[in-house]
Amino acid sequence: MSDNIAIELKGITKTFGSIVANDNVDLKVYKGEILSVLGENGCGKTTLMNMISGIYFPDKGNIYINGEEAHIASPKDALNYKIGMIHQHFKLVDVFTAAENIVLGLKKDYKSANGNSRFKTMFKTGADLAKESIVSLSNKYGFDIDPEKKIYQMSVSEKQTVEIIKVLYRGADILILDEPTAVLTPQETEKLFEILKKMRDSGKSIIIITHKLHEVMAISDRVTVLCKGKHVDTVKTSETTPNALAEMMVGQKLSLNIYRGDPVNPEERLVVKNLNCVSREGVKILDDVSFTAYSGEILGIAGIAGSGQRELLESIAGLQKVHSGEITYNDPTTGKVENLRDKTPMQIRNLGVRLSFVPEDRLGMGLVGNMDIVDNMMLRTYGKGGPFFLHRKNPKKLAEDIVERLSVSTPGISTPVRRLSGGNVQKVLVGREIAASPTVLMAAYPVRGLDINSSYMIYNLLNEQKEKGVAVIFVGEDLDVLIELCDRIMVIGSGHITGIVDGRRAEKNELGILMTSSKKYDENLTDEEGTTDAN
Amino acid sequence: MQIKSSREPLFHLVKRDKIPWWKAWLIRIGAILLALVACAVISELITGVKPKDLFTTILHSWFGDADYREKFSIVQNRKFWILLQETAILLCVALAVTPAFKMRFWNIGAEGQVLMGCLASAGCMLLIGDSVSPSMLLVIMFIAAVVAGAIWAIIPAIFKAQWNTNETLFTLMLNYVAMQIVAYFCIEWAPSNGSNVVGVINRDLETADGGNYGWLPNIFEGFVKDVERPRMPEYAHIILIVLVLTALMFIYLRYSKQGYEISVVGESENTARYIGINVKKVILRTMLISGAICGIAGFLLVSGIEHTIAMDTVGGRGFTAIMVSWLAKFNPFVMIVTSFLFVIMDSGASKVATDLRVNESFSEVLTALIIFFIIGCEFFINYKIVFSRRNGKKLVSASNAVTSSDNDNSK
């Protein structure tokens with residue numbers, strides 16, 4: 001049996017300061033199997049994988065590869081041990097072709113695959129020589145790739161394919177994929193799984209890091225669950241259920257259902273009409289977008305990452321230059337209709353529009369990482385009061401309040417927010433935006449990277465706002481969550497609306513098709529409730 | 001397949017979570033002591049200078065030679081007060097560059113901005129002279145210096161805000177422009193043709209109460225009684241002015257709205273836009289302040305110390321100030337310590353070069369060595385080294401790289 005073990009970890013421990021990222025973790029991966037590593041965020045999945053791929057070195061414990069002890073001190077060492085990692089953020093050169101990226105960093109090999117003489121090959125680049133191998137790899141596993149295509153012309157899933165071929169080309173037998181499906185549509189995910197299964201059948205060992213339960217069930221042979229840096233259990237996928245896995249992940253029983261109340265007398269709050277935006281390069285990023293956000297409902301926005309969600313929210317918030325179209329706001333207190341287009345965030349606030357925005361980039365836009373919680377609370381309100389001095393009294397109170405109410409785990413309110421974990425950062429940001437008692441709340445990927453408990457807390461906060469009559473706009477990536485949480489789901493595909501569906505009736509497949517559809521959604525074809533039959 | 005022996009690395013680095021302040025300072029003091037030991041060893045080895053001679057010479061550079069020290073008294077020790085005054089001027093320039101650096105605006109043009117302040121002060125002193133009252137002249141000089149410094153700083157800021165030009169190159173080049181302008185006026189204002197040296201301005205133009213026109217008066221004159229030839233009053237006024245400026249800058253950066261805006265713009269322009277800060281306005285305003293304080297430094301240099309103008313009046317302080325500011329992590333009060341450190345190192349180094357007859361470059365090597373240790377020790381404050389438990393146990397395992405040719409496609 002031991003012959004069959006590709007890689008074995010024994011007693012691996014890694015600490016960062018006082019934080020124990022991995023505590024005495026054991027792990028076995030057999031040849032020809034797919035192992036899922038499952039766990040909440042911050043449970044040490046990625047740290048563990050980084051130690052296998054040579055980015056970190058363990059404090060304690062041993063790694064055995066094919067039964068022999070191995071020391072992996074650098075990614076190069078990992079490659080020598082035939083380990084390849086596909087990171088969540090691709091590491092590719094945009095202006096190079098697929099083939100050039102694949103051979104990047106390798107020495108030019110004169111003995112090319114078909115045995116040409118040195119003279120014949122010396123005027124060719126490594127990329128030319130590699131093309132044949134790339135094509136044969138593609139045929140073997142069913143990749144769909146053009147080696148000549150430049151990276152910047154590729155879709156996310158194509159880029160991922162290049163990353164996978166890159167490690168295969170370097171001879172990897174153990175592949176580690178860090179949340180490979182986070183950026184893919186359901187259809188692309190299925191295709192990826194097909195490929196992974198083929199690789200497994202040809203004897204490769206595959207480790208997938210994920211926190212999506214249904215994917216674990218769909219693809220893996222075995223599942224290893226980590227919780228707070230510790231190895232909880234490793235089970236056969238066929239002998240477990242999603243609920244059992246979820247319990248292992250969080251260490252407690254929980255219900256996976258998201259509460260959804262009915263909207264209470266919805267009114268038109270924010271109306272967007274024929275909105276167009278053009279990027280600096282002259283590319284259309286928003287194409288004729290029209291929709292209405294009602295008070296007391298959660299409007300979900302689904303779409304492949306980078307389809308214009310960010311630009312849409314930013315143009316409403318006054319951060320993105322609008323080319324044409326209308327953005328109007330109906331003030332619930334005065335009943336006035338305000339135009340928001342071409343206004344700066346400051347002007348919008350001065351109009352009395354209580355618009356809160358939780359941006360996608362939390363530490364790069366919503367918060368200042370090096371400032372403490374109190375100073376971050378002030379971001380929106382520091383201008384109030386006298387002309388010269390800052391007033392830290394109210395922000396301090398707000399900070400204490402948020403830390404207590406949302407149970408933010410932090411050493412204190414004067415800790416820089418970048419030191420907090422992702423979930424706590426998000427609680428601070430959402431807490432601040434909600435504290436402004438908004439009438440419109442826009443949240444872009446508010447649960448990205450959050451563990452189950454924190455995610456549910458965010459859902460509850462959004463629901464609370466909805467009950468208060470706030471028009472909530474929620475940009476999400478997990479379709480299951482969108483379907484469970486939102487009253488209506490708007491699908492956006494390459495800059496235009498491809499459909500608006502009722503959240504209570506939506507099907508995942510239907511959304512998936514809409515996400516990739518190029519057809520523009522036509523309001524006139526739909527019935528009163530805003531449902532549409534997809535294509 | 002090639003068999004390769006792999007060895008566990010001897011040690012690895014671990015990021016520290018938090019370090020108590022006393023431990024951090026212990027590391028810093030340890031680093032300085034180590035640096036001194038290294039200096040002693042290196043000078044012994046390379047130049048044959050005995051460590052004892054080296055350190056006594058450095059001490060002399062701070063407190064004067066032996067006969068001075070016999071009647072050593074803080075108020076009387078001229079050398080020591082010169083050191084403090086030097087510190088004050090360097091600190092003033094460091095205070096000037098700090099708001100810009102906090103905003104991540106890489107202003108390396110303080111040298112030129114201070115020089116323009118010097119030029120404006122000297123120009124007023126020379127051209128206006130006794131046609132206004134002495135105090136009026138000082139006010140005019142001060143304003144002229146502040147405006148000149150601010151103009152020299154706002155030029156790159158405008159280009160940065162409007163067209164996003166690179167401020168590093170821009171401010172650096174403006175230094176040379178400033179120097180050439182000063183060179184021109186040195187020729188223009190030189191009292192004798194061809195000497196190109198301006199000389200002490202208004203030496204003979206005395207005011208009613210015994211001072212000179214355009215020279216900063218000794219407000220502490222007669223302040224210290226009962227002591228023979230007190231030196232303190234000659235220098236204390238400049239030191240006091242800069243200390244007040246330090247406190248003001250600390251308050252501005254930490255407790256004012258504008259200081260808060262500077263931090264936000266510096267940390268992330270996206271966040272600044274997101275909350276509706278006018279980034280261009282903040283850049284322009286901050287550089288105006290930065291340049292104005294450079295102008296003040298120029299005014300103090302000309303009116304309070306040099307009473308003349310030359311191309312090297314600023315003497316590289318504009319660049320040293322950058323190190324002072326960074327090393328203090330932009331905290332004005334810590335800058336008092338760092339600027340003092342740079343001044344005493346500099347004075348020690350030049351004394352070593354002249355008294356011990358070693359090459360001047362060698363004393364610069366010593367200074368660099370000390371700075372290297374001080375900056376280097378920050379690494380050990382942030383990280384700790386963990387040595388592996390089984391030292392260098394050799395083992396043979398794992399195949400070497402499979403070259404790209406015999407990879408998957410050969411299967």
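Worth pointing out:
- Distance distribution note for the stretch B:81-339: the fraction of Cα pairs above 27 angstrom is 38%.
- A protection proxy built from the mean count of other Cβ atoms within 10 Å ranks the segments A:279-290, B:332-343, most packed first, as B:332-343, A:279-290.
- Charge dipole (the protein assembly as shown, unit charges on Cβ, about Cα centre) - positive-most of B:48, A:235, A:187: B:48
- Sorted peptide list for A:479-487, B:98-106, criterion being average Cβ within 10 angstrom, highest first: B:98-106, A:479-487
- Other protein chain Cβ atoms within 10 Å, averaged over every residue that makes up B:263-273: 6
- About its Cα centre, the protein assembly as shown has a charge dipole of approximately 1980 debye under the convention of +1 per Lys or Arg Cβ and -1 per Asp or Glu Cβ, with nothing else charged.
- Secondary-structure-derived ellipticity at 222 nm for chain B, considering helices only, amounts to -21500 deg cm²/dmol, per-run term -39500 (n - 2.57) for DSSP H runs with n ≥ 4.
- Cα coordinate range in the stretch A:36-76, projected on the principal axes (Å, largest first): 31, 19, 19
- C-alpha long axis of helix B:279-299 to longest principal axis of chain B, angle in °: 50 degrees
- Antiparallel content of DSSP bridges confined to the protein assembly as shown, in %, to 5: 60 percent
- Percent RCO, i.e. relative contact order, over chain A, from Cα pairs under 8 Å lying at least 6 residues apart: 14 percent
- Projecting the Cα atoms of A:503, B:292, A:93 onto the dipole axis of the protein assembly as shown, where Lys and Arg carry +1 and Asp and Glu carry -1 at the beta carbon, places A:93 farthest toward the positive end.
- Over the Cα atoms of the protein assembly as shown, the radius of gyration divided by the Kirkwood radius equals 1.03; this is the Rg/Rh ratio.
- When you restrict to C-alpha pairs under 8 Å that are six or more residues apart and normalise by the size of the stretch B:81-339, the relative contact order lands at 40 percent.
- About the centre of its Cα atoms, the stretch B:81-339 shows a dipole size close to 1140 debye [charges on the beta carbon of Lys, Arg (+1) and Asp, Glu (-1) only; nearest 20 debye].
- Fewest-first ranking of A:157, A:220, A:455, using other Cβ atoms within 10 Å as the exposure measure: A:157, A:455, A:220
- Antiparallel bridges, percent of DSSP beta bridges restricted to chain A (to nearest 5): 55 percent
- Neighbourhood net charge (10 Å Cβ-Cβ; Lys/Arg +1, Asp/Glu -1) for residue A:385: +3
- Hydrodynamic radius of the stretch A:366-436 per Kirkwood, over alpha carbon pairs, in Å: 12.0 Å
- Each part gets one Cα centre, and for the stretch A:333-355 versus the stretch A:148-182 those centres are 45 Å apart.
- C-alpha long axis of helix A:156-169 to longest principal axis of chain A, angle in °: 20 degrees
- Comparing Cα centroids, the stretch B:16-68 and the stretch B:288-321 end up 30 angstrom apart.
- Toward the positive end of the charge dipole of the stretch B:81-339, with +1 on the Cβ of Lys and Arg and -1 on the Cβ of Asp and Glu, the farthest Cα among B:324, B:134, B:120 is that of B:324.
- Other residues lying with their Cβ under 14 Å from the Cβ of residue A:446 contribute a combined charge of -1, Lys and Arg counting +1, Asp and Glu -1.
- Anisotropy class of the stretch A:148-266 from Cα gyration tensor, a/c 1.5 cut: oblate
- Part-to-part distance (alpha-carbon centres) for the stretch B:102-159 and the stretch A:191-232, which is given in Å: 68 Å
- Mean partner shielding of peptide A:364-376, defined as the number of other chain Cβ atoms within 10 Å of each residue Cβ, is 4.
- Both numbers refer to the Cα atoms of chain A; Rg and Dmax are 25.2, 82 Å.
- In plain terms, chain B is cut at each of the GluC sites (Glu not before Pro) found in a DSSP loop with at most 16 other Cβ atoms within 10 Å, and the longest leftover piece is B:1-220.
- For the stretch B:59-188: rounded, prolate or oblate by the Cα gyration tensor [a/c cutoff 1.5]: oblate
- Folded to 0 to 90 degrees: helix B:257-267 orientation relative to chain B principal axis, Cα: 40 degrees
- Footprinting exposure proxy for B:39, B:294, B:186 (fewest neighbouring C-beta atoms within 10 Å first): B:186, B:39, B:294
- For the residues of A:388-394, the average number of beta carbons from a partner chain within 10 Å of their own beta carbon is 3.
- Estimated Rh, the stretch A:349-483: Kirkwood, alpha-carbon pairs, angstrom: 15.2 Å
- About its Cα centre, the dipole of the stretch B:103-234 is roughly 480 debye, where the only charges are +1 on Lys and Arg Cβ and -1 on Asp and Glu Cβ.
- Residue-count net charge about residue A:191 - beta-carbon cut-off 12 Å; Lys, Arg +1, Asp, Glu -1: -3
Quick note: the coordinates plus some simple rules give every number you see, no bench work behind them. Note that the structure is predicted; figures quoted are calculated from it, not measured. Reconstructed Cβ throughout: ideal geometry from the backbone, glycine too, with neighbour counts over all protein chains shown.
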